[in-house]
Amino acid sequence: MRTLWMALCALARLWPGAQAGCAEAGRCCPGRDPACFARGWRLDRVYGTCFCDQACRLTGDCCFDYDRACPARPCFVGEWSPWSGCAGQCKPTTRVRRRSVQQEPQNGGAPCPPLEERAGCLEYSTPQGQDCGNSYVPAFITTSAFNKERTRQAVSPRWSTHTEDAGYCMEFKTESLTPHCALENRPLTRWMQYLREGYTVCVDCQPPAMNSVSLRCSGDGLDSDGNQTLHWQAIGNPRCQGTWKKVRRVDQCSCPAVHSFIFI
């Protein structure tokens, strides 16, 4: 069979037009396009009508030069834009960042990744600069990784840029949570999957979530007796919420990263 195939290839070189394909026809078509064909050898070693559309890979009737004439090109995207401000003030809401397509995928190349990401946020003052971050119940939490971003953002008017309070850490034992937490798979909300019933979690209280007068974070449960059930909600998905009980207050959090959060 191999000898026959080599003989046919040799014959094709002597037969004018026998090797015509996608390149000579100047065709490369997206999707399924029955009109996107040429005349020549196919990849399945049959001579005749061959195709130059993307679907020919599935049907096995591509022209012999399809891969060379119609190379797959993946999608390329630009850098993320800066995060927007929160969509609203004085209540848990979302922020957004976007990126644009620099090159569309071609000929079955890798598709474009998500062009928009949203994350939970909460601003501590109104557009007029009035403080509004003292009465959030239940406790609103997010991943501890957000604290690195928060330190680069403008702080609340009630904190000067030189304020450096050590803050504190609250340990809680998670009593219950909604099933929506485990269903989160978006890149910036995937941390909710690690919330588990019965696990002890650490929640950091740092400016600007910390009230400048009481030096407390709203919903920290510090005044509870340890048997009181307290409520929390994950920023970024209001359906991810649950209850926990206070274990203790410590100076610094020491839980594993996946069980470390911050008040927001």
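Remarks
- Computed over segment 76-123: relative contact order in percent, which uses C-alpha pairs under 8 Å that are six or more apart: 44 percent
- Using only Cα coordinates, the Kirkwood hydrodynamic radius of segment 49-125 works out to 15.6 Å.
- Relative contact order %, segment 20-69, counting alpha carbon pairs below 8 Å whose residues are six or more apart: 39 percent
- Taking amide H positions as modeled 1.01 Å from N, with prolines and chain starts lacking one, no residue 5 or more places away or on another chain lies under 5 Å from ASN237.
- Less than 5 angstrom separates the built amide H of VAL247 from those of GLU171, PHE172, LYS173, all sequence-distant by 5 or more or on a different chain.
Every number in this text was worked out from the coordinates using simple rules, so none of it is lab data. Predicted model only: the values in this text are computed from it and were never measured.
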